[in-house]
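Asks: After the structure tokens below, expect a handful of questions from me.
The values are calculated or read from the model by the stated rules, or taken from the named source; none is laboratory data. Here the structure is a predicted model, which means the values were calculated and not measured. Backbone-built Cβ (ideal geometry, glycine too); neighbour counts: all protein chains shown. Heavy atoms of the whole protein, side chains included, go into the accessibility calculation; ligands, DNA and RNA do not. Shrake-Rupley method; radii C 1.70, N 1.55, O 1.52, S 1.80 Å.
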Amino acid sequence: MNRQLLHSKSIWIYITLILIGVTMPIWLNVESSGLASLLQQLRDEPSGSTLMMVAFALVMLNTVRALPHYLGALLLGDELGVHLDKSWLKVAVPLLIIPLVYGIINGYNTLNYHFGGPALLILLSIAVLHLLGKGRLRPVFKSIVLGQLLLGFQWLDVVLFLSPFGFGGGPVSTEVKQTAEQLGFGSTLSFYSLVFCGIFIMNALILAIYLTVSEQKWKMRQDLHRARHDVAESRSGREALHLVHDLKTPLSLMEGLNSLIELKTEDPEILRYTKKISSSIQSTSDMVSEILYHEKKNWCTMKSFIEYVRANKLSDSATIYQFDLQADEEIEIHINKIRMTRALVNLIDNASDAVEGQTDATVTICSKISDNELFLGVQDNGQGITEENKQKIWKAGFSTKSHPGVGLTFVQNVVKEHDATLSIESVDGEGTTFWIHLPKERVRYENLNYR
């Protein structure tokens, strides 16, 4: 898990945002932003219009300087919460990092970087967004809403009557409010600041509601699409089962006629042919039984199973597949060959989708023995599966592609039918391996040199 976090590009992007926020006062300060010249103009020729220009410039400067580490802390908390499956980290990380950033800045900066009312309101807003969103609001949408709230709350720093409550404690904010009071412009400045604050907060609320509703509608459309797909698939499956069931009748007729031929002739060559026909009919009958009854299982060698997988998937594919078959091909496994083949083919299809478009695309079918258990695996060198998607891939219909898929539900069902287990090894940016663990009770090592 720690290795996956270290290899996650998004984690490092969010940490970089926080570091940018820490260093912001060095290269974006009062002088470089042009605020110092406006302040000097206000001192030389005090006026209401100049005062409003200074207040606006101050709010914008504070917003731009605070935005990187606020966004970085918010997104980092969301990412860690998903990766580590600990929802409380989505709130705890910003609550820890944002005050820490203020402390670091005040440690090296002579100008006091005031941690006051707006900062506390933003932290409260992050907690509210998480609690009310309940996972329905994506991190990128949270960031947009947070930007609006940050801009709105910064206007409270220049509201005169809020000074005793921790708003506008910095030297520039204090000077602006003192000048407004001297000019008799204090009430006007406070009024306009509250109006601007209200506009941005109202806009943030409307935006949050709109984005949440839009996200819910999108998910509902996806669920409906998946449901329609499942209904169509279920109907097609039932029709296929009826057709397969009907095969039993001609197979029985063929077996009867073949037996009649055996009774009517003593020609050795013809009898040899009838035995082959009988064997083929029996194999076909077994396959039909395995399709109709998932509990129907037979012993087959690894060699015959892999050859069957090749015939069902690999022979008609333009993709070049690799094999890393460490398990002896004469090992026998007790499986429903039809359903296990379909499960493995599903994994191969997923792996092929994961590497689609890559110049070095590789899909490897693997097998190995460990503690008398047989491992069947499908490996790809795609982009890997995120921790968030690892929690979703088992849901019917989930797909990271543009269209809904059947997910891994079928694979998981087949694995359970065989008293086996399914595991995932995935590293972000390096690829994914799915392993089917067949228990030792379903593996037979007869006529082999090892056990």
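Asks: Are there any pairs with C-beta distances below 7 angstrom linking a residue in segment 135-163 that is closer than 14 Å to Val176 by Cα to a residue that is open to solvent by 30 Å² or more (accessible area, probe 1.4 Å) and acidic (Asp, Glu), with the two at least 6 apart or on different chains, and if so which?
Replies: Partner pairs satisfying both residue conditions: Leu160/Glu181.
Asks: What are the residues in segment 44-59 that are assigned to a helix (DSSP H, G or I), without any contact (Cβ under 8 Å) to a residue 60 or more places away in the chain and open to solvent by 40 Å² or more (accessible area, probe 1.4 Å), if any? Show your work before the answer.
Replies: First, pick out the residues of segment 44-59 that are assigned to a helix (DSSP H, G or I): 44, 48-59.
Next, from what is left, pick out any that are without any contact (Cβ under 8 Å) to a residue 60 or more places away in the chain: 44, 49-50, 53, 56-57.
Within segment 44-59, Asp44, Ser49, Met53, Phe56 meet the criteria.
Asks: Moving on. Answer with yes or no whether Ser32 is within 30 Å of Gln182 (Cα to Cα), more than 29 Å from the chain's Cα centre (by Cα) and outside any helix (DSSP H, G or I). Break it down into steps so the answer makes sense when it comes.
Replies: On the way: within 30 Å of Gln182 (Cα to Cα): yes; more than 29 Å from the chain's Cα centre (by Cα): yes; outside any helix (DSSP H, G or I): yes.
Yes.
Asks: Also: Considering segment 70-88 alone, what residues qualify as being buried (at least 19 other Cβ atoms within 10 Å of the Cβ) and either of a type outside the set (A, V, I, L, M, F, W, C) or over 21 Å from Leu149 (Cβ atoms) (or both)?
Replies: As a first pass, look at segment 70-88 and keep what is buried (at least 19 other Cβ atoms within 10 Å of the Cβ): 70-83.
Within segment 70-88, Tyr70, Gly72, Gly77, Asp78, Glu79, Leu80, Gly81, Val82, His83 meet the criteria.
Asks: List the number of the failed condition for Leu314; all other conditions in (1) in contact with a Phe, Trp or Tyr (Cβ under 9 Å, 6 or more places away or on another chain); (2) at pLDDT below 85; (3) open to solvent by 40 Å² or more (accessible area, probe 1.4 Å); (4) of a type outside the set (Asp, Glu) hold.
Replies: (3)
Asks: Cβ contacts < 8 Å: first residue under 20 Å from Val363 (Cβ atoms) and at pLDDT below 85, restricted to segment 429-445; second residue among the polar types (S, T, N, Q) and not in a strand (DSSP E or B), any location; separation 6+ or different chain. Result?
Replies: Matching pairs, first to second residue: Gly429/Gln383; Glu430/Asn381.
Asks: Return a yes/no flag: does segment 89-99 have any residue that is among the charged types (D, E, K, R), open to solvent by less than 20 Å² (accessible area, probe 1.4 Å) and in contact (Cβ under 8 Å) with a residue 40 or more places away in the chain. Outline the logic, then answer.
Replies: Within segment 89-99, the first condition is being among the charged types (D, E, K, R), and the residues that meet it are 90.
Remaining after also requiring open to solvent by less than 20 Å² (accessible area, probe 1.4 Å): none.
No, that holds for no residue.
Asks: Inside segment 164-211, can you point out the residues that are among the β-branched types (Val, Ile, Thr) and open to solvent by 30 Å² or more (accessible area, probe 1.4 Å)? Talk me through it step by step, then tell me what you get.
Replies: Of all residues in segment 164-211, those among the β-branched types (Val, Ile, Thr) come to 172, 174, 176, 179, 188, 195, 199, 201, 206, 209.
Passing the criteria: Thr174, Thr188, Val195, Ile199, Ile201, Ile206, Ile209.
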